[in-house]
Amino acid sequence: MGGVQLVISDAHTGLIAAIETVFVGASWQRCRVHFMRNVLANVPKAAGQMVASIIRTIFAQPDTEHVLGQFDEVVRMLTRSHPKVADMLDQARDDLLAFTAFPVQHWRQIWSTNPLERVNKEIKRRTDVVGTFPNPAALLRLAGHVLIEQHDEWDGADRRYFSEHSISIGDTTYRRSLRWPRDYAARL
């Protein structure tokens, strides 16, 4: 196993450009949680739960074939009631479905940035407790300690974040890289 195969982020154009430059050859997965926030900002509040529920059905499918089929069905359904949302989905198709190029066992961990955001929140919580650090090295030690704790938790738990077996499957079977959205800024 080697190199970065997938980068997960929101759709900030500067971030995407940096990721594309630094992680050449890696696929990009648009965080589904951030995308959902963008969608709900374009839907009347009364329809928000219904639209979100419909979109979530895409991610509740057991395999790639069903995810792709459900995606098309959701776009078709929303075209009638919420054409702007359907257009947003259609334009973000490859960005939202990059996770399907990887083992099904990994999908829950890679279709959003939530795990990373939880780690960042824990680092923030711990730094807030300390308040003022005597020097940058002290801050780095604390953040590093939180990251080591998280690694140990993922590594030693009965239910590992990524098992060695699933990683090895992903390394040999799922090396496929989706095309980067080079025209991403133009699509926004």
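So here's what we get for this one:
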{"quantity": "Residues of the stretch 37-52 that turn out to be under 20 Å from the mean Cα position of the chain (by Cα) and either in a helix (DSSP H, G or I) or surrounded by 12 or more Cβ atoms within 10 Å (Cβ to Cβ) (or both), as a count", "calculated": "6"}
{"quantity": "Odd one out for Ile8 among (1) part of a helix (DSSP H, G or I); (2) surrounded by 14 or more Cβ atoms within 10 Å (Cβ to Cβ)", "calculated": "(1)"}
{"quantity": "Hits in the stretch 79-99 - residues which are of a type in the set (Ser, Thr, Tyr) and either closer than 17 Å to Ser27 by Cβ or touching a helix residue (DSSP H, G or I) at 6+ places or on another chain (Cβ under 6 Å) (or both)", "calculated": "Thr79"}
{"quantity": "Residue list for the stretch 89-100, restricted to those being buried (at least 19 other Cβ atoms within 10 Å of the Cβ) and part of a helix (DSSP H, G or I)", "calculated": "Leu89, Asp95, Leu96, Ala98, Phe99, Thr100"}
{"quantity": "2 or more residues of a type in the set (Lys, Arg) and closer than 26 Å to Ala11 by Cβ: qualifying helices (runs of 4 or more DSSP H) within the stretch 105-156", "calculated": "114-130"}
{"quantity": "Asp72 assigned to a helix (DSSP H, G or I), at pLDDT 95 or above, of a type in the set (D, E, K, R) and surrounded by fewer than 15 Cβ atoms within 10 Å (Cβ to Cβ)", "calculated": "yes"}
{"quantity": "Single unsatisfied condition, Ser27 versus (1) crowded, with 18+ Cβ neighbours inside 10 Å; (2) of a type in the set (Ser, Thr, Tyr); (3) over 22 Å from Gln105 (Cα atoms)", "calculated": "(3)"}
{"quantity": "Residue list for the stretch 1-24, restricted to those being closer than 17 Å to His106 by Cα and of a type in the set (A, V, I, L, M)", "calculated": "Met1, Val4, Leu6, Val7, Ile8"}
{"quantity": "Some residue of the stretch 41-50 being closer than 22 Å to Gln109 by Cβ and of a type in the set (A, V, I, L, M, F, W, C)", "calculated": "no"}
{"quantity": "Any hit, the stretch 53-68, residues being basic (Lys, Arg) and either part of a loop (DSSP other than H, G, I, E, B) or touching an Asp or Glu at 6+ places or on another chain (Cβ under 6 Å) (or both)", "calculated": "no"}
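The values are calculated or read from the model by the stated rules, or taken from the named source; none is laboratory data. The structure presented is a predicted model; accordingly, all values stated were derived computationally and were not measured. So basically every Cβ, Gly included, is an ideal-geometry build from the backbone, and we count neighbours across all protein chains shown.
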